[in-house]
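Colleague: This structure is in structure tokens; I'll ask about it shortly.
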Amino acid sequence: MTVAGVKFECNVTEYPSFVANLPTLQEPHYVLYTSDLDEQTQQPWCPDCKHADPIVESVIKQTGGTLLKVKVGDRAAWKSKEHPFRQDPQLHLTSIPTLVHCKADETLPGKRLDKQLECANSAADVKSAVLAFTEKAKQQDA
């Protein structure tokens, strides 16, 4: 039986406390790094995130686990070479959207899905990539 996925959201400032809490939550653990909403459109400013995020959320909800959705900030903040996620020597995030699988016994970062989300040509491509990624994650957690 698959338990429905659980979703949490945070921003860059809240990130450390949310990540520290992941081991207490339902496995598998996923972190989706994505853009903030554009103030004018109330849509993600990143077109790849706008396309991929709802599909990632749907797949995690369907397959089970915990999803932490981390908003990296507005476009200017994310594009800065000084962004904390770009500077973090463990994370070294270079693109959004990026989906990371975090095993309970490991620190971030875990296995990641990034370029396939960024370069997907269709919703079906995104869904296929995320389903394959979550299947591998479940095998690793078993």
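The values are calculated or read from the model by the stated rules, or taken from the named source; none is laboratory data. These numbers were taken from a predicted model, which means no experiment stands behind them. Cβ: placed from backbone, ideal geometry, glycine included. Neighbour counts: every protein chain shown.
Colleague: So if I check each of SER80, SER35, which one is surrounded by 13 or more Cβ atoms within 10 Å (Cβ to Cβ) and small (Gly, Ala, Ser)?
Modeller: Sole residue among the options that is surrounded by 13 or more Cβ atoms within 10 Å (Cβ to Cβ) and small (Gly, Ala, Ser): SER35.
Colleague: Among residues belonging to segment 58-76 that are in a helix (DSSP H, G or I) and surrounded by 18 or more Cβ atoms within 10 Å (Cβ to Cβ), point out the one that is modelled with the lowest pLDDT.
Modeller: Step by step, filter segment 58-76, then rank; the result is THR63.
Colleague: Moving on to the next point. Can you confirm whether LEU91 is closer than 28 Å to GLN42 by Cβ, touching a strand residue (DSSP E or B) at 6+ places or on another chain (Cβ under 6 Å) and not in a helix (DSSP H, G or I)?
Modeller: For LEU91, the condition - closer than 28 Å to GLN42 by Cβ, touching a strand residue (DSSP E or B) at 6+ places or on another chain (Cβ under 6 Å) and not in a helix (DSSP H, G or I) - is not met.
Colleague: Only residues in segment 42-71 that are farther than 20 Å from THR94 by Cα count as the first member; pair them with residues that are part of a helix (DSSP H, G or I) and among the polar types (S, T, N, Q), Cβ under 8 angstrom, at least 6 apart or cross-chain, and list the lot.
Modeller: Close Cβ pairs satisfying both conditions: VAL59/THR134; ILE60/THR134; THR63/THR134; GLY65/THR134.
Colleague: In contact with a strand residue (DSSP E or B) (Cβ under 6 Å, 6 or more places away or on another chain), among the polar types (S, T, N, Q) and farther than 21 Å from GLU118 by Cα, is that true of GLN40?
Modeller: no
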